[in-house]
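Undergrad: I have a structure here, written as structure tokens, and I will follow up with some questions on it.
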Amino acid sequence: MLNKKIEDALNEQIKKETYSAYLYQSLSAHATYIGLNGSANWFQIQVQEEISHAQKIYNYINERGGKVKLKAIEQPPFEFENITIMFEETLKHEEFITKSINELMDLAIAEKDHASQIFLQWFITEQVEEEDNVNEILNSLKLIGDSGNGLRMFDKELATRVFVQPTV
Ligand code: FEO
């Protein structure tokens, strides 16, 4: 049976992961609007990843005999100055999620919930990869600078990203 404090924190994390999907959906829509279809695809894949993260936590709460309680999702921003700012927002958001996952792990340790610690380990590893991916994109955008052609080519690269269903 899931400890109540951990159940509440996991329900809060479902909300954060679902908001992440909503935020990336908004970024994808804006990328399409400004003609960067590859970037739009990258954000679409991110949407699917976030939904799968929320689902993973949902399944875990159920498996442990807890109660899933879905919460209201706030409106994400929908205007962004340029593509670099869009990825900077992405990194900032992922850092916020990393902090939240780390706090969840701290709670699982404090509550001596070993199963939750093992479950959360996957998310800790995933966050390292998420931040690394966005940092790499930001480094490429820095190198591209003001080159319209460079951005066009890079956007084509982002069009190749595909969704891979994560496994625990
Ligand atoms: Fe589910 Fe991008 O963190």
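The values are calculated or read from the model by the stated rules, or taken from the named source; none is laboratory data. Because the structure is predicted, anything quoted here is derived from the model rather than measured. Cβ atoms come from the backbone with ideal geometry, glycine included; neighbour counts cover every protein chain shown. These area figures cover heavy atoms from the full protein model, side chains too; ligands, DNA and RNA do not enter into them. Shrake-Rupley method; radii C 1.70, N 1.55, O 1.52, S 1.80 Å.
Undergrad: Can you work out which of the residues in segment 80-102 that are of a type in the set (Asp, Glu) and within 16 Å of the chain's Cα centre (by Cα) is surrounded by the most Cβ atoms within 10 Å (Cβ to Cβ)?
TA: Glu94
Undergrad: Right, next: Taking the stated definitions as given, is Ala21 open to solvent by less than 60 Å² (accessible area, probe 1.4 Å) and away from the ligand (no atom under 16 Å from the Cβ)?
TA: For Ala21, the condition - open to solvent by less than 60 Å² (accessible area, probe 1.4 Å) and away from the ligand (no atom under 16 Å from the Cβ) - is not met.
Undergrad: Still on this model: Name the single residue that is modelled with the lowest pLDDT among those in segment 131-168 being within 16 Å of the ligand (Cβ to nearest atom), of a type in the set (D, E, K, R) and more than 14 Å from the chain's Cα centre (by Cα). Walk me through how you get there before you give the answer.
TA: Step one: list which residues in segment 131-168 are within 16 Å of the ligand (Cβ to nearest atom), which gives 131-138, 161, 163-168.
From the residues that got through so far, the ones that are of a type in the set (D, E, K, R) too are 131-132, 136, 161.
Now drop any that are not more than 14 Å from the chain's Cα centre (by Cα), which leaves 136, 161.
On the way: Glu136: 98, Arg161: 95.
That would be Arg161.
Undergrad: When only residues in segment 106-130 that are touching a Ser or Thr at 6+ places or on another chain (Cβ under 9 Å) and farther than 21 Å from Gly65 by Cα count, which is nearest to the ligand (Cβ to nearest atom)?
TA: Across segment 106-130, the extreme among qualifying residues is Glu130.
Undergrad: Can you spot a residue in segment 103-117 that is without any contact (Cβ under 8 Å) to a residue 24 or more places away in the chain and of a type in the set (D, E, K, R)?
TA: Checked against the condition, which is being without any contact (Cβ under 8 Å) to a residue 24 or more places away in the chain and of a type in the set (D, E, K, R), segment 103-117 yields at least one hit.
Results for (1) more than 16 Å from the ligand (Cβ to nearest atom); (2) within 23 Å of Ala9 (Cβ to Cβ); (3) of a type outside the set (A, V, I, L, M, F, W, C), shown as yes or no for each residue.
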| site | (1), (2), (3) |
| --- | --- |
| Ala31 | yes, no, no |
| Asn37 | yes, no, yes |
| Trp42 | no, no, no |
| Gln48 | no, no, yes |
| Lys56 | no, yes, yes |
| Gly66 | yes, yes, yes |
| Gln75 | yes, no, yes |
| Glu79 | yes, no, yes |
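Undergrad: Which residues, counting only those in segment 148-168, are farther than 14 Å from Asn133 by Cβ, open to solvent by 100 Å² or more (accessible area, probe 1.4 Å) and touching a residue at least 12 places away in the same chain (Cβ under 8 Å)?
TA: The answer is Lys156, Gln165, Val168.
Table: residues versus (1) within 19 Å of His93 (Cβ to Cβ); (2) in contact with a Phe, Trp or Tyr (Cβ under 9 Å, 6 or more places away or on another chain).
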position	(1), (2)
Tyr22	yes, no
Ser28	yes, yes
Ile34	no, yes
Ser39	yes, yes
Ile45	yes, yes
Tyr58	no, no
Asn62	no, no
Lys67	no, no
Lys71	yes, no
